[in-house]
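We did not get these values from a lab; they are worked out from the coordinates using the rules stated. Owing to the predicted nature of the structure, the values given are computational and were not obtained by experimental measurement. Virtual Cβ from ideal backbone geometry, glycine too; neighbours counted across all protein chains shown.
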Amino acid sequence: MDEADLAQEKEVALINAALSARQPRLKSPNGLCVWCLDEKVVADTAFCSVECDEDYHKHQREMQQRLG
Ligand SMILES: [Zn+2]
């Protein structure tokens, strides 16, 4: 294993740590976007688009701020 491999492995470990620290990945129960409830999701996500993803998380943050 050379240094490039080691660096790559470190990178992957960092990404995995960051991902597992986040909330569990959202999944759509029915294959439709969990935000607009209208469009089919992009594979392996719970949203039909980046916009819906952003709006959803923005909404979540606002709710949390309200609670806090
Ligand atoms: Zn959507």
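For the reader, a short list of remarks on this structure follows.
- Helix-only arithmetic for the chain: the sum of -39500 (n - 2.57) across DSSP H runs with n ≥ 4, divided by the residue total, places the mean residue ellipticity at 222 nm at -18500 deg cm²/dmol.
- For residue 39, distant residues with modelled amide H under 5 Å away: 33
- Spin-label pair residue 11/residue 54, simplified geometry with 7 Å Cα→Cβ offset, distance in nm: 2.6
- With a cut-off of 15 Å between beta carbons, the residues surrounding residue 3 carry a summed charge of -3, where Lys and Arg count +1 and Asp and Glu -1.
- Whether the chain is rounded, prolate or oblate, judged on the alpha carbon gyration tensor where a/c under 1.5 counts as rounded: oblate
- Acute angle (nearest 10 degrees) that the helix 3-21 long axis makes with the longest principal axis of the chain, alpha-carbon atoms: 30
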